[in-house]
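The values are calculated or read from the model by the stated rules, or taken from the named source; none is laboratory data. None of these values were measured; they are calculated from a predicted model. Glycine gets a Cβ as well: all are built from the backbone with ideal geometry, and neighbour counts include every protein chain shown.
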């Protein structure tokens, strides 16, 4: 069993924000897998299933993502090593894609919440969204839509990460890393 968890905030006002890129990847995975909605109130999120693969979009808001994840993990008895969290990362340039097992949350409140509920040893798919000029602008920055210039590339970036996630279900992490890691959006466009 594999559980993909996309991080984001519920509500149409957040749909296209930088913080919701994880949700958007989950939407694409769900569409590609023709997964069916098996959500229950106790899961505190939208949960989809295709065979032995689960796709979760917590509806708890970012800061409480771990509550939704732990409910699904316990209900389906999913092992920590079978959990893949897809999230925005301001410490990576826009369009960069990295894969990491364990480690710190880097100030990301969604990861902080998950760490507090299940520990840190899950796989992360980090999607670079760039960072604002000043640290004090981070909350505002991630809760805003991508710029018009970035928006041109977002769809291709989501497709790329979707392909990487599919590969993670069958291939070794190092193989996926060597094929799908990107330094920036130029690598995807080049």
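At-a-glance table
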{"item": "Residues of region 19-48 that turn out to be over 30 Å from residue 94 (Cβ atoms) and part of a strand (DSSP E or B), as a count", "result": "2"}
{"item": "Residue list for region 122-143, filter: part of a loop (DSSP other than H, G, I, E, B) and modelled with pLDDT under 95", "result": "130, 131, 132, 133, 134, 143"}
{"item": "Qualifying residue in region 156-168 (condition: under 27 Å from residue 47 (Cα atoms) and out of contact with any helix residue (DSSP H, G or I) (no Cβ under 8 Å at 6 or more places or on another chain))", "result": "no"}
{"item": "Sole exception among (1) more than 30 Å from residue 187 (Cβ to Cβ); (2) over 15 Å from the mean Cα position of the chain (by Cα); (3) surrounded by fewer than 22 Cβ atoms within 10 Å (Cβ to Cβ) for residue 46, by number", "result": "(2)"}
{"item": "Residue in region 132-151 that is touching a helix residue (DSSP H, G or I) at 6+ places or on another chain (Cβ under 9 Å), surrounded by fewer than 20 Cβ atoms within 10 Å (Cβ to Cβ) and within 16 Å of residue 83 (Cα to Cα) present", "result": "no"}
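Each row is one residue, and each column tells you yes or no for (1) touching a residue at least 60 places away in the same chain (Cβ under 8 Å); (2) touching a strand residue (DSSP E or B) at 6+ places or on another chain (Cβ under 8 Å).
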site	(1), (2)
18	yes, yes
31	no, no
46	no, yes
84	yes, yes
93	yes, yes
124	no, yes
